1. Limiting things to C-alpha atoms, what are the Rg and the maximum Cα-Cα separation (Dmax) for the protein assembly as shown, in angstroms?
2. In Å, the Kirkwood hydrodynamic radius of the stretch B:280-342 over pairs of distinct alpha carbons?
3. Give the long-range amide H neighbours of residue A:9: residues separated by 5 or more places, or on another chain, with amide H under 5 Å away, using H modelled in the peptide plane at 1.01 Å from N.
4. Can you list the residues, at least 5 places off or on another chain, whose amide H is less than 5 Å from the amide H of residue B:90, using H built in the peptide plane?
5. Which whole-Hz couplings ³J(HN,Hα) result when phi for each residue of the stretch A:38-47 is put into the Karplus expression 6.51 cos²θ - 1.76 cosθ + 1.60, θ = phi - 60°, listed in order with x for Gly and Pro?
6. Average projected area of the Cα convex hull of the stretch B:56-176, in nm²?
7. How well do other chains shield peptide B:213-223, expressed as the mean number of their Cβ atoms within 10 Å of each residue Cβ?
8. Spelling out what I want: for every residue of the stretch A:64-69, take phi, set θ = phi - 60°, compute 6.51 cos²θ - 1.76 cosθ + 1.60 (Karplus), and round to whole Hz; glycine and proline get x.
Amino acid sequence: MSSPTPPTIRLQIEFSGGLELLFSHTRKHTVNLPSTVPNSTRPADASYLILYLRDNLLKERPELFEEKGTVKPGILVLINDTDWELEGEGEYELKDGDEIVFISTLHGG
Amino acid sequence: MAPKSCALCKKARAMLKRPKTGQQICRDCFFFVFETEVHNTITEAKLFSPGDRVAIGASGGKDSTVLAHVMKTLNERYNYRLELFLLSIDEGITGYRDDSLETVKRNQQQYDMPLKILSYDELYGWTMDAIVEQIGRKNNCTFCGVFRRQALDRGANMLGVDHIVTGHNADDIAETVLMNIMRGDIARLGRCTSIVTQGEDTIRRSKPFKYAYEKEIVMYAYFKKLDYFSTECIYSPDAYRGHARAFLKDLEAARPSAIIDIVHSGEAFEVREEVKATQKLQQTCQRCGYMSSNTLCKACTLLEGLERGMADAGITDRARKRLEAEGPAPENLRTIPFFRPTTTPGSAASTVEVAI
Ligand SMILES: [Zn+2]
Ligand SMILES: [Zn+2]
């Protein structure tokens with residue numbers, strides 16, 4: 001059974017602090033994310049985005065990015081320039097045009 | 001989620017949750033509290049005196065880049081009257097240090113501070129690339145660590161500075177506390193949390209970011225759009241530190257105060273006198289004049305091993321004996337230039353002003 005192309009939301013994604021090395025050595029990406037989690041009615045949230053990025057955009061060493069359904073400890077996430085800890089972390093419901101930044105703190109100082 | 005307002009100014013929108021306190025604060029309040037806490041660390045430990053010449057150990061990475069920015073800001077805001085310099089060590093690692101040095105050179109322009117770069121090549125006659133080519137990837141971090149420590153002191157001496165500040169943050173210190181506990185290294189455990197260290201005739205070193213969380217340093221760099229370089233050293237899989245770091249980050253995720261708690265625990269360990277007594281007395285190296293606990297300093301021993309094609313000589317006692325059995329060092333052996341500590345004009349010792 002084929003389904004019609006699901007509606008998507010357009011997100012600006014940025015990787016830095018060394019994380020860009022895992023994503024084709026590219027800092028900025030535009031991602032069209034399905035607006036609901038496949039096979040469910042759950043709206044796309046930050047947790048889904050992390051798994052989506054791991055499966056669709058990441059090129060190497062997934063264990064340095066994702067762990068237990070969220071980002072590996074030591075990776076900071078900003079949603080529209082705000083610490084995602086103030087936005088509900090993985091439960092934040094994404095909107096069209098959101099800018100999500102992932103910064104690794106694990107690389108040398 | 002409705003935007004929350006800042007817990008400090010009650011006006012602007014909160015943009016960051018502080019790991020130390022859980023407070024939700026806005027960008028401007030964050031800059032202010034972060035800088036003020038570093039200022040408090042500096043004043044409580046009386047790190048500087050007016051007129052001090054201070055070198056910032058600059059790697060181009062996040063910590064030292066933020067440190068340079070904050071030191072410049074505080075020096076102006078609180079009139080510390082410090083002369084600030086950037087000091088970088090070029091280990092000679094292609095594709096790693098050459099890129100990060102470009103960042104340091106941009107920092108020099110942005111912060112308007114004199115920059116001194118000292119390379120392993122000019123000091124020891126060897127780059128890390130050449131060392132790894134000869135010895136492989138075992139023990140290369142030992143060479144790099146010993147060479148860097150001496151190079152920083154010598155670079156500081158060339159600049160005529162009294163003091164080196166480094167970007168070590170609370171996470172780094174907590175990590176070191178854990179590693180020293182796990183290794184049973186009690187002597188180091190007692191020392192690793194001190195904010196200032198000073199050997200016999202080496203330059204004072206201190207850590208103004210001792211209580212600053214890595215998360216906040218990275219957020220500060222991000223919000224200020226500071227220019228830094230981030231990649232792992234291509235030769236350094238320090239597996240042990242890597243595990244300690246991953247463990248610490250897991251702890252932090254469960255309880256953000258864990259990092260500062262571990263730093264405080266480390267501070268609470270006092271080294272008993274018997275343990276201290278086993279640390280060797282300091283003298284100066286016969287060959288290069290640098291401080292040493294033996295007749296030859298660690299760098300000279302390592303360098304002799306490299307030059308004579310027996311790189312293990314500086315690592316294990318057995319290899320050292322094998323080297324000695326081959327006879328004394330040849331006359332024409334390449335050595336490190338002799339270290340002559342300079343006394344600086346107007347250094348802290350000659351001023352009577354109170355410490356900041
Ligand atoms: Zn505020
Ligand atoms: Zn020596």
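1. Considering the protein assembly as shown through its Cα atoms, Rg and Dmax are 24.5, 86 Å.
2. Hydrodynamic radius (Kirkwood, Cα only) of the stretch B:280-342 equals 12.1 Å.
3. A:33, A:35
4. B:118, B:119, B:120
5. x, 6, 7, 9, 5, x, 4, 10, 5, 4
6. For the stretch B:56-176, the mean projected area of the Cα convex hull comes to 8.2 nm².
7. 4
8. 7, 10, 10, 8, 6, x
Coordinate-derived values only; no laboratory data. The shown structure was predicted, so the numbers you read here are calculated from the model rather than taken from an experiment. Cβ: placed from backbone, ideal geometry, glycine included. Neighbour counts: every protein chain shown.
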